[in-house]
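K.L.:
One structure is given below, represented as structure tokens, and several questions about it will come after.
Taken together, the values in this text are just the output of simple stated rules run on the coordinates, not laboratory data. Just so it is clear, the model here is predicted, and its values are computed rather than measured. Cβ sites come from the backbone with ideal geometry, for glycine too, and all protein chains shown count toward neighbours.
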There are 2 protein chains.
Amino acid sequence: MTPVASSIDPDACAVRIIDHDKVATARARMISDGEAQQLTELFRLLGDPTRVQILYALVEVGELCVCDLAAVVDAPETSVSHALRLLRTAGVVRNRKSGRMVYYSLNDAHVRLLLDVSAEHLRHEPNQW
Amino acid sequence: MTPVASSIDPDACAVRIIDHDKVATARARMISDGEAQQLTELFRLLGDPTRVQILYALVEVGELCVCDLAAVVDAPETSVSHALRLLRTAGVVRNRKSGRMVYYSLNDAHVRLLLDVSAEHLRHEPNQW
DNA sequence: ATGACATCTGAAGACATGACCATATGTTGC
DNA sequence: GCAACATATGGTCATGTCTTCAGATGTCAT
């Protein structure tokens, strides 16, 4: 056959594809880059013991000030404050000021759902995802 | 008992507590350190665009080989292989060898549920957690 | 056996992240 | 105003993570 052109695939640069159908299906249903970005940002926020414990504490008691959160998760208040800023910037928690205290609470039920699903699994099959 | 103990709190070192009841409740219901550790390890795995896209691809089409996954997520095969090793070590995916190909698939329905909950939220309220 | 192929592995560099300290801001009560 | 307090912020430093490269392993076809 054509000695030069037959092996060149227009949009596959140095990536070989075995099952074109599955690849096409997966690409069609794949989340967009922007969505993947948003998702990973959330999961990164949840990927820290201090932050995840803060969120669980808020799930349980609804609203807590910084120093109480520090007592609950047993971390320095500065660390908790930093953690809360990240969570607040991402829109995961909100804060309410009352005098010199600042009370934090969850901002969205979906995060609560995520944490519940995760905790649920932990209790049932602790050693396997 | 100890004569001078009234102001000394046994396990609170230099942490002031405002609402003792809420703190006690939160501490009682708090996930353990080990559980927090496991949870954060999972969320860290999900906190990377390549890995999360790989998982979504597997959710959609069930099983894919490394080079097809690389085509779907548009990343070098080496990166995908590294990503898959982390996911496999954590028990999130499993692999099946067939000749020189290696096919990967999800290992647990709970991760699928987590991804579904997340994607669901992304579609409904894309800008707020 | 030889070469082409699919995947894996280890290591090095760029890069991001978390912990800690000092300090700044804003609030309350005197 | 001043001092004590609750929280926030910025900088530095050590640590960890992702990407990439070069090469290793195991498989298939000739």
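K.L.:
Tell me which residues, restricted to region A:68-122, are within 16 Å of DNA strand C (Cβ to nearest atom) and at positive phi.
P.N.:
Across region A:68-122, the qualifying residues are A:74, A:99.
K.L.:
Still on this model: Being within 21 Å of residue B:57 (Cβ to Cβ), within 16 Å of DNA strand D (Cβ to nearest atom) and touching a Gly at 6+ places or on another chain (Cβ under 8 Å) narrows it down to one residue among A:16, A:44; which is it?
P.N.:
A:44
K.L.:
Among the residues of region B:77-116, write down those that are more than 13 Å from DNA strand D (Cβ to nearest atom), at the interface with another protein chain (Cβ under 10 Å from one of its Cβ atoms) and charged (D, E, K, R).
P.N.:
Hits for region B:77-116 are B:108, B:116.
K.L.:
Select from region B:41-64 the residues that are out of contact with any helix residue (DSSP H, G or I) (no Cβ under 7 Å at 6 or more places or on another chain) and surrounded by fewer than 20 Cβ atoms within 10 Å (Cβ to Cβ) and list them in ascending order.
P.N.:
Of everything in region B:41-64, those that are out of contact with any helix residue (DSSP H, G or I) (no Cβ under 7 Å at 6 or more places or on another chain) and surrounded by fewer than 20 Cβ atoms within 10 Å (Cβ to Cβ) turn out to be B:41, B:44, B:62, B:63.
K.L.:
If I filter region B:31-64 down to residues being facing chain A (nearest Cβ under 7 Å) and not in a helix (DSSP H, G or I), which single residue comes out as nearest to the chain's Cα centre (by Cα)? Working first, answer last.
P.N.:
Here is the first cut: in region B:31-64, the ones facing chain A (nearest Cβ under 7 Å) are B:31, B:35-40, B:42-44, B:46-49, B:52-53, B:56-57, B:60-61, B:64.
Now narrow it down to the ones that are not in a helix (DSSP H, G or I): B:31, B:47-48, B:64.
On the way: B:31: 15, B:47: 8, B:48: 10, B:64: 22 Å.
Restricting to residues being facing chain A (nearest Cβ under 7 Å) and not in a helix (DSSP H, G or I), the top hit is B:47.
K.L.:
Residues that are closer than 22 Å to residue A:28 by Cα and touching a residue at least 60 places away in the same chain (Cβ under 8 Å): find the helices (runs of 4 or more DSSP H) completely inside region B:65-129 holding 3 or more of those.
P.N.:
Output list reads B:109-124.
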